[in-house]
Amino acid sequence: GFKCGIVGLPNVGKSTLFNALTRTAAAQAANYPFCTIEPNTGEVAVPDKRLAAIARIAKSKEIIPTRISFVDIAGLVRGASKGEGLGNQFLANIREVDAIVHVLRCFEDDDITHVEGRIDPVADAETVETELMLADLESLERRTEQTRKRATGKDKEAITVLPMMEKALALLQDGKPVRLLLPGIAIEDLRLLQGLNLLTSKPVLYVCNVAEGDAAAGNAVSAAVEKMAAAQGARAVVISAAIEAEVAQLPDAEAAEYLEAMGLEEAGLDRLIREGYALLDLITFFTAGPKETRAWTVARGAKAPRAAGVIHTDFERGFIRAQTIAYPDYVALGGEVAAKEAGKARDEGKEYVVQDGDVMLFKFNT
Ligand code: GDP
């Protein structure tokens, strides 16, 4: 499955947010650094309004959303790249995730210790980022040196990967995260970059954890974070972990009332999950029938047999073709039969690149 790692300095609200996300008390929030020691993983359903629309048309008994995982990663401190605090553990855990949700403390509370003794989320973000860049720099310098030698010796693999390594290394030496290579990157280059398994090449979403009263409009420090994120080509969301923790415990009707009273249109967590999903560069396709309407996830750029394989490995091996209806056609025409009559049900082969929203039916050999 696809994973977002929740990171940030101690006492910024990571565990509170994670608990709300997974509606469990598994990661216990407590007012001291390092309370979250083992990485905790929770699966969440990805909200998608298209599911209900398809299910209504297909007269499905059940709706099954797709899921992504969030991992609550132990608090990082200054010096982690040198093994301070839980540094090595932290870096190992972060290596395992596909994207980073970086929680920043944008609330004042004298009772809750701030490890740096002041509220300055932009500086906090830099502290964390610096540790990640230092760790990347150290590992990449060593590897690039070796790869240069192998490339001189005409090693094919080294020759392929070296230019990407050099680009990443140049950024790090310049004090910049490798993530800056991501916008508009070609898919083959992205795979090469991912193969380097760096920390700062993972996409980042900043979460501004604000006080309850600031949840609707944000505050001065969350605005500063949004500005910083925009400058990096990253995204930021404003959330009150305290509100989310409250909402997560309420029945749906009461939750809606509570949110409205706080001036919020929807739970911040729903926004967070959707942003996390977008961050992972995933797309959703659907299967629909009387039994169930179901959402499935593949990486952007995946071809039809890969999508079939998400449902069942046998489907990928025996893939013949896929009947595909684009979501807008499916809904506008009123379902599979009508879409077929209108010529909007396409028969696609092995090379078809799955598009977000495709309603698919696979034909395969067993
Ligand atoms: P972590 O170390 O980043 O995982 O932080 P926790 O989630 O354990 O939170 C640390 C402390 O801050 C706990 O006592 C939380 O109840 C408190 N806290 C978390 N979010 C908020 C918030 O939005 N407002 C206030 N006032 N306290 C919060």
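Extension gain for the segment Thr366 to Gln173, taken as residue separation times 0.36 nm less the Cα-Cα distance, is 64.2 nm to one decimal.
Note on Thr66, Thr130: ascending count of other Cβ atoms within 10 Å places them as Thr130, Thr66, the fewest first. Here the simple spin-label model places points 7 Å from the Cα toward Cβ, and for Asp347 and Ile311 these points are separated by 1.7 nm. A simple count of charges around Phe286, restricted to other residues whose Cβ falls under 11 Å of its Cβ and scoring Lys, Arg +1 and Asp, Glu -1, yields -2. Derived scalar couplings between HN and Hα for the range 213-228 equal x, 9, 4, 6, 10, x, 9, 4, 6, 5, 5, 5, 5, 4, 5, 4 Hz in order, rounded to whole Hz, by the Karplus curve 6.51 cos²θ - 1.76 cosθ + 1.60 (θ = phi - 60°), x for Gly and Pro. Of the residues Thr22, Ala245, Gly318, the one whose Cα sits farthest toward the positive end of the charge dipole of the chain, with +1 on the Cβ of Lys and Arg and -1 on the Cβ of Asp and Glu, is Gly318. Along the axis of the charge dipole computed for the chain (Cβ charges of +1 for Lys and Arg, -1 for Asp and Glu, origin at the Cα centre), the listed residues Ala158, Gly357, Val122 are led at the positive end by Ala158. Residues in the range 349-366 carry Karplus couplings, in order, of x, 4, 8, 5, 8, 4, 9, 4, x, 4, 9, 10, 9, 9, 10, 8, 8, 9 Hz; the curve used is 6.51 cos²θ - 1.76 cosθ + 1.60 with θ = phi - 60°, and Gly or Pro positions show x. DSSP bridge analysis restricted to the range 185-298 gives an antiparallel fraction near 55%, rounded to the nearest 5. Computed from backbone phi with θ = phi - 60° and the Karplus coefficients 6.51, -1.76 and 1.60, the 3J(HN,Hα) list for the range 127-133 is 4, 5, 4, 4, 4, 5, 5 Hz; x is used for glycine and proline.
Rounded if a/c is under 1.5, else prolate if a/b beats b/c, else oblate: with a ≥ b ≥ c from the C-alpha gyration tensor eigenvalues square-rooted, which is the range 288-362? Prolate, because a/c is 1.5 or more and a/b exceeds b/c.
Using only the Cα atoms of the chain, build the gyration tensor, take square roots of its eigenvalues as a ≥ b ≥ c, and label the shape rounded, prolate or oblate: rounded if a/c is under 1.5, else prolate if a/b is larger than b/c, else oblate. Because a/c hits 1.5 or more and a/b fails to exceed b/c, the chain counts as oblate. When both bridge partners sit in the chain, DSSP labels roughly 50% of those beta bridges antiparallel.
A crude spin-label estimate for the pair Ala255 and Arg142, with each label 7 Å from Cα along the Cβ direction, gives 4.5 nm. Each Cα pair under 8 Å and six or more residues apart adds its separation to the average, and for the chain the resulting relative contact order is 18 percent. Neighbour counting of Cβ atoms within 10 Å sorts the residues Phe362, Phe285, fewest neighbours leading, into Phe362, Phe285.
Here the dipole of the chain is about 1940 debye; that uses its Cα centre as origin and unit charges on the Cβ of Lys and Arg (positive) and Asp and Glu (negative). Cα gyration tensor of the range 52-173, axes a ≥ b ≥ c as square roots of the eigenvalues: rounded (a/c below 1.5), prolate (a/b > b/c) or oblate? It comes out oblate by the Cα gyration axes.
Taken together, the values in this text are just the output of simple stated rules run on the coordinates, not laboratory data. All of these numbers come straight from a predicted model, not from anything done at the bench. We place every Cβ from the backbone using ideal geometry, glycine too, and count neighbours over all the protein chains shown.
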